[in-house]
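Engineer: Before we start, here is the structure in question, set down as structure tokens.
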Amino acid sequence: MAAEREPPPLGDGDHTDFRELDDAEDLFASTVSTLESSPSSPEPASLPAEDISTKPNGPKAAQILLDDDQEDLFAEATEEVSLDSPERDAILSSDSTPAITPVTPTTLVTPRMEPKSLSASDLFDISKDEIEEELNGDTFDISVSVSDPEKVGDGMNAYLAYRVTTKTSLAMFNSSEFSVKRRFSDFLGLHGKLASKYMHIGYIVPPAPEKSIVGMTKVKVSKEDPSSAEFVEKRRAALERYLQRTVKHPTLLQDPDLRQFLESSELPRAVSTQALSGAGILRMVNKAADAVNKMTIKMNESDAWFEEKQQQFENLDQQLRKLHASVEALVCHRKELSANTSAFAKSAAMLGNSEDHTALSRALSQLAEVEEKIDQLHQEQAYADFYLFSELLGDYIRLITAVKGVFDQRMKCWQKWQDAQATLLKKREAEAKLQYGGKPDKLQQAKEEIREWESKVQQGEREFEQISKTIRKEVGRFEKDRVKDFKAVIIKYLESLVHTQQQLIKYWEAFLPEAKAIA
Amino acid sequence: MASTPEENDDNKLRSVSVDLNHDPSLMIDIPDALSEREKVKFTVHTKTTLAAFQKPEFSVTRQHEDFIWLHDTLVESEDYAGLIIPPAPPKPDFESPRDKMQKLGEGESSMTKEEFAKMKQELEAEYLAVFKKTVAMHEVFLQRLASHPILNKNRNFQIFLEYDQDLSVRRKNTKEMFGGFFKSMVKTADEVLLSGVKDVDEFFEQEKTFLIDYLNRIKDSTAKADKMTRSNKNVAEDYIHISACFSSLSADETSALSKYLLKLSELFEKLRKIDGRVASDEDLKLSELLRYYMRDLQAGKDLLYRRARALVDFENSNKALDKARLKSKDVKQAEIQQQVSCQKFEKISESAKQELTSFKGRRVAAFRKNFIEMTELEIKHAKNKLSLLQSCIEIMKK
């Protein structure tokens, strides 16, 4: 994707930093959820941040404006945008734009990327300078951790509260280190909000960890026991990875809901995340409906890139699932090995006690000790097998599901556009008929309807272009992250294997003289 | 087929007991064996300078049941009551690899061609290992007999080695004579030994307590060692699947990850080969060691039992003599009987003491040898795995 340079409409040299360059640079600037003012206005519209979180349609409006990138369209758009505007869809009214003809996606295959101006700063009440400063680095200086699970309450109403600590030097946060208490449903609530805001416009929103009714019930009901401790640790680690992935995403990091989640001491309880609630059931119904729709949408894919990528992700998904299953088997067998080694160690100790030859008795006891230590090693290795290797694969399987979801959203978007075109055609036919029918008021209405649908078609096309563009970028970012992530975790895992071998050598080398001492 | 690791296996197996087969007057080995469905046919090869045999070198074919027959005749012979009869070799058991082979066949469709080939290879190696183990056990049994100054003169032993026809007819005859009678007696040996009066001889009292206790514990250790070895094998097998998955992922991968995934696939394949060696070394040096001595200790306990029975006979004959003297009836008979029982008991006691003492020496030496070998192998394998892992990490960090 070539990065084309266009003269910044606001004539502000700083804005060159905010270009959407190629995937090699993850810059805040490239977030497409920025609201853009018209090129001709001297200052970007200043919009209060809160509006974005309360009005779910916010980013939608933003995406419309981004189409300013296309020189073919909207070059002369003069409207100033305000999030408060109720007629967001009407922004692209025909009198302020050149005639729009439905364009097939092929002409938009190579989208040009740069936003004309970056008002991200204005949206979120940060100074342009600060953002510039942050953008000059390749990584965002923010790290989050999830720790200290604490049981709150009793019985079936009990829940676990986790401490979420953020360390950052980003100016958009109120301080450089802070922590809050959050429960699992808060995380799900956050994901729900982010997903509803960003997925339908093509962003890959990292999925939240899965619910587990069984796991949580055990924790609620039981006292301290190893299997529920394991469950809690698994969940804590998963929540941490989830947050880390979310804050790594340049667009999501700017979302006020995310900031609120990280920063505010009180968070409204997200009740619609409960599995058995009305909202939960609605979600399930919607998911089912989506699945059916997916089967019936037959898209004319004119962009080979999307087809290739979809196939690629499909393959990757299958392979990862296989690998994941194998690693889960490994974890299971390693745990068995640990248990059996421990059992053998105890047995060898007993044997040593019965042995009447002194030196051999000693050696058997030593052997028992060595095997006990080895059992410990196996346990630690099983832990690494699981938390490093197995969970990495699980995370990516879920992430790929999110990626596939985003491709589906694009299909839905295309369908919407096609439907609009079909409706427009019908309206035109109806108008033509009325022309010869001689009913003037109906004719007028028909003409109005045509105008309405013409703009819907335009919007549909724009949205489709936009989502395609976003997805390309997101996939690029995802691929880059995936390579880095995978390499880093695998290296860590291999290092755990190295550690195990080193310890094994140590233990056996210590035992060797004992064995030789048997006389 | 013979390759160095397999030859090493043979040597390791023979070393379960102390080194045998050095005396040129009678050297026995099993160079060959054929597996036909349920039956294994062993080729028993003998080289001898003894006049008792018709030829200086000869081979015969024997089945497992023939070995059992030989063992049982020795056990049931009064002449050898004071000796530790080398334990009979266990029945060849191919059930485990056979079951696994069947399961593998059922799961063939869910694996890649490569994966399936590797699993099959593993299973074939397992089958071969079981095979080699059973050959070694049968061989060691014969070698122990050959090296025992009294047992190697046994007529049935010579027939076993020399008789160039099928032994099954002979087997049937002897079975009819003893027919498991002794076996059912042995079951209550513990009770006989434990319920008896405390032995006058300190040596035997100690041996009794030691053997009963130790035997129970070594049975447990053997079983636990087996489980541990099997778990090791399972982990090694998982690596096969993981390696195959990495290989498939690498093929589809277009990013820079592709070459790393291929490296990882190779790494896991190499690791699993080493882990397979670790599992089989532990099996031979630890599990098989424990198992063999468990059986040997059982034979030692049988000896104690026979001595205890002889003691009971002796005590009974004393009581009978006293009774006879009281009644003044059949005194001479009773006196002879008492003499015989006494001699028998003393002969067994003396022989048993010797046998048990040398047995302990053998056992300790064998444990020492195997522990040292196992430890050295563990260190070697761990070092190999370590260097493989470290070089892979180097490559991945680039």
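The values are calculated or read from the model by the stated rules, or taken from the named source; none is laboratory data. Since we're looking at a predicted model, the values are computed, not measured. Backbone-built Cβ (ideal geometry, glycine too); neighbour counts: all protein chains shown. For the accessible areas, the whole protein counts, side chains as well, though only heavy atoms, and no ligand, DNA or RNA atoms are used. Shrake-Rupley method; radii C 1.70, N 1.55, O 1.52, S 1.80 Å.
Engineer: With within 9 Å of chain A (Cβ to nearest Cβ) and free of Cβ contacts under 8 Å to residues at least 24 places away in the same chain as the only criterion, which of B:Lys383, B:Lys323 stands out?
Structural biologist: Details: B:Lys323 fails: within 9 Å of chain A (Cβ to nearest Cβ).
Of B:Lys383, B:Lys323, the one residue that is within 9 Å of chain A (Cβ to nearest Cβ) and free of Cβ contacts under 8 Å to residues at least 24 places away in the same chain is B:Lys383.
Engineer: Another one. So A:Ala515 ticks every box in (1) within 14 Å of chain B (Cβ to nearest Cβ); (2) of a type in the set (A, V, I, L, M, F, W, C); (3) surrounded by fewer than 20 Cβ atoms within 10 Å (Cβ to Cβ) but one. Which box is left unticked?
Structural biologist: Of everything listed in (1) within 14 Å of chain B (Cβ to nearest Cβ); (2) of a type in the set (A, V, I, L, M, F, W, C); (3) surrounded by fewer than 20 Cβ atoms within 10 Å (Cβ to Cβ), A:Ala515 misses just condition (3).
Engineer: Let me ask something additional. Out of curiosity, is B:Asn384 closer than 26 Å to A:Val498 by Cβ, assigned to a helix (DSSP H, G or I) and out of contact with any Lys or Arg (no Cβ under 6 Å at 6 or more places or on another chain)? Show your work before the answer.
Structural biologist: Working: closer than 26 Å to A:Val498 by Cβ: yes; assigned to a helix (DSSP H, G or I): yes; out of contact with any Lys or Arg (no Cβ under 6 Å at 6 or more places or on another chain): yes.
Criteria met by B:Asn384.
Engineer: Just checking, which of A:Lys404, A:Lys426 is within 19 Å of the chain's Cα centre (by Cα) and at negative phi? Steps first, answer last, please.
Structural biologist: Working: A:Lys426 fails: within 19 Å of the chain's Cα centre (by Cα).
When all the criteria are applied, what remains is A:Lys404.
Engineer: Ok, one more. Which condition number does A:Asp356 fail, the rest of (1) at the interface with chain B (Cβ under 10 Å from one of its Cβ atoms); (2) in a helix (DSSP H, G or I); (3) open to solvent by 10 Å² or more (accessible area, probe 1.4 Å) being met?
Structural biologist: (2)
Engineer: Could I ask something else about it? Looking at the structure I just gave you, is A:Glu461 among the acidic types (Asp, Glu), under 30 Å from A:Glu314 (Cβ atoms) and part of a helix (DSSP H, G or I)? Write out each step before concluding.
Structural biologist: Details: among the acidic types (Asp, Glu): yes; under 30 Å from A:Glu314 (Cβ atoms): yes; part of a helix (DSSP H, G or I): yes.
Considered against the rule, which asks whether it is among the acidic types (Asp, Glu), under 30 Å from A:Glu314 (Cβ atoms) and part of a helix (DSSP H, G or I), A:Glu461 comes out as yes.
Engineer: Could you say which residue among B:Phe116, B:Phe131 is in contact with an Asp or Glu (Cβ under 6 Å, 6 or more places away or on another chain) and on the phi < 0 side of the Ramachandran plot?
Structural biologist: Working: B:Phe131 fails: in contact with an Asp or Glu (Cβ under 6 Å, 6 or more places away or on another chain).
It is B:Phe116.
Engineer: Can you tell which of A:Leu392, A:Leu364 is at pLDDT 95 or above and assigned to a helix (DSSP H, G or I)? Full working, then the answer.
Structural biologist: Working: A:Leu392 fails: at pLDDT 95 or above.
Answer to the selection: A:Leu364.
Engineer: If I filter segment B:271-279 for residues that are in contact with a Lys or Arg (Cβ under 6 Å, 6 or more places away or on another chain), within 12 Å of another protein chain (Cβ to nearest Cβ) and open to solvent by 10 Å² or more (accessible area, probe 1.4 Å), do I get at least one hit?
Structural biologist: Yes: segment B:271-279 contains one or more residues that are in contact with a Lys or Arg (Cβ under 6 Å, 6 or more places away or on another chain), within 12 Å of another protein chain (Cβ to nearest Cβ) and open to solvent by 10 Å² or more (accessible area, probe 1.4 Å).
Engineer: Something else about it: Applying the selection to segment A:494-511, what residues are surrounded by 17 or more Cβ atoms within 10 Å (Cβ to Cβ), over 43 Å from the mean Cα position of the chain (by Cα) and at the interface with chain B (Cβ under 7 Å from one of its Cβ atoms)?
Structural biologist: Result: A:Trp508, A:Phe511.
Engineer: Here's another thing I want to ask about it. Which numbered condition in (1) open to solvent by 20 Å² or more (accessible area, probe 1.4 Å); (2) more than 10 Å from chain B (Cβ to nearest Cβ); (3) in contact with a helix residue (DSSP H, G or I) (Cβ under 7 Å, 6 or more places away or on another chain) is the only one that A:Arg477 fails?
Structural biologist: (3)
Engineer: Next question. For segment A:321-347, what are the residues that are facing chain B (nearest Cβ under 7 Å) and of a type outside the set (Gly, Ala, Ser)?
Structural biologist: Applying the first criterion (facing chain B (nearest Cβ under 7 Å)) to segment A:321-347 yields A:322-323, A:326-327, A:329-330, A:333-334, A:336-337, A:340-341, A:343-344, A:347.
Within segment A:321-347, A:Lys322, A:Leu323, A:Val327, A:Leu330, A:His333, A:Arg334, A:Glu336, A:Leu337, A:Asn340, A:Thr341, A:Phe344 meet the criteria.
Engineer: Under the condition of being at pLDDT below 90 and within 25 Å of A:Thr166 (Cβ to Cβ), which residue from segment A:200-230 is most open to solvent (accessible area, probe 1.4 Å)?
Structural biologist: A:Glu210
Engineer: For B:Asp213, indicate whether it is within 12 Å of another protein chain (Cβ to nearest Cβ), at pLDDT 85 or above, open to solvent by 60 Å² or more (accessible area, probe 1.4 Å) and within 30 Å of A:Glu336 (Cα to Cα).
Structural biologist: Values: within 12 Å of another protein chain (Cβ to nearest Cβ): yes; at pLDDT 85 or above: yes; open to solvent by 60 Å² or more (accessible area, probe 1.4 Å): yes; within 30 Å of A:Glu336 (Cα to Cα): yes.
Answer is yes for this residue.
Engineer: Moving to a separate point now. Going by the conditions given, is B:Arg291 among the charged types (D, E, K, R), open to solvent by 30 Å² or more (accessible area, probe 1.4 Å) and within 27 Å of the chain's Cα centre (by Cα)? Let's see the steps before the verdict.
Structural biologist: Working: among the charged types (D, E, K, R): yes; open to solvent by 30 Å² or more (accessible area, probe 1.4 Å): yes; within 27 Å of the chain's Cα centre (by Cα): yes.
Yes.
Engineer: Kindly establish whether A:Phe386 is open to solvent by 30 Å² or more (accessible area, probe 1.4 Å) and out of contact with any His (no Cβ under 7 Å at 6 or more places or on another chain).
Structural biologist: Numbers: open to solvent by 30 Å² or more (accessible area, probe 1.4 Å): yes; out of contact with any His (no Cβ under 7 Å at 6 or more places or on another chain): yes.
The answer is yes for A:Phe386.
Engineer: Another one. Is it fair to say B:Lys219 is in contact (Cβ under 8 Å) with a residue 24 or more places away in the chain and either open to solvent by 30 Å² or more (accessible area, probe 1.4 Å) or of a type in the set (A, V, I, L, M) (or both)?
Structural biologist: yes
Engineer: I've got another one for you. Filter segment B:80-115 for residues that are among the charged types (D, E, K, R), in contact (Cβ under 8 Å) with a residue 60 or more places away in the chain and open to solvent by 30 Å² or more (accessible area, probe 1.4 Å) and give the result. Spell out how you get there, then give the answer.
Structural biologist: Keep residues of segment B:80-115 that are among the charged types (D, E, K, R), which gives B:91, B:93, B:95, B:98-100, B:103, B:106, B:108, B:113-115.
Next, from what is left, pick out any that are in contact (Cβ under 8 Å) with a residue 60 or more places away in the chain: B:114-115.
Within segment B:80-115, B:Glu114 is the sole residue that qualifies.
Engineer: In segment B:68-85, which residues are touching a helix residue (DSSP H, G or I) at 6+ places or on another chain (Cβ under 6 Å) and over 16 Å from B:Ile150 (Cβ atoms)?
Structural biologist: Matches in segment B:68-85: B:Trp69 only.
Engineer: Right, something else. Please work out which residue is farthest from the other protein chains (Cβ to nearest Cβ), limiting yourself to segment B:246-270 and to residues that are assigned to a helix (DSSP H, G or I) and out of contact with any helix residue (DSSP H, G or I) (no Cβ under 6 Å at 6 or more places or on another chain). Steps first, answer last, please.
Structural biologist: Taking segment B:246-270 first, the residues assigned to a helix (DSSP H, G or I) are B:246-252, B:257-270.
Filter once more, keeping what is out of contact with any helix residue (DSSP H, G or I) (no Cβ under 6 Å at 6 or more places or on another chain): B:251, B:259, B:266.
Details: B:Ala251: 9, B:Lys259: 11, B:Glu266: 13 Å.
Top of the filtered list is B:Glu266.
Engineer: Within segment B:353-368, track down each residue that is of a type outside the set (A, V, I, L, M) and either at the interface with chain A (Cβ under 9 Å from one of its Cβ atoms) or free of Cβ contacts under 8 Å to residues at least 40 places away in the same chain (or both).
Structural biologist: B:Gln354, B:Thr357, B:Ser358, B:Lys360, B:Gly361, B:Arg363, B:Phe367, B:Arg368
Engineer: Now for a separate question. Could you check, for segment B:213-225, whether at least one of its residues is more than 24 Å from A:Ala368 (Cβ to Cβ) and part of a helix (DSSP H, G or I)? Walk me through how you get there before you give the answer.
Structural biologist: Applying the first criterion (more than 24 Å from A:Ala368 (Cβ to Cβ)) to segment B:213-225 yields none.
Scanning segment B:213-225, I find no residue that is more than 24 Å from A:Ala368 (Cβ to Cβ) and part of a helix (DSSP H, G or I), so the answer is no.
Engineer: How many residues are of a type in the set (Ser, Thr, Tyr) and either open to solvent by 50 Å² or more (accessible area, probe 1.4 Å) or in contact (Cβ under 8 Å) with a residue 40 or more places away in the chain (or both) when one looks only at segment A:414-446?
Structural biologist: Matching residues across segment A:414-446 total 1.
Engineer: Has segment A:485-493 got any residue that is closer than 30 Å to A:Glu391 by Cβ, more than 10 Å from chain B (Cβ to nearest Cβ), buried (at least 21 other Cβ atoms within 10 Å of the Cβ) and under 21 Å from the mean Cα position of the chain (by Cα)?
Structural biologist: no
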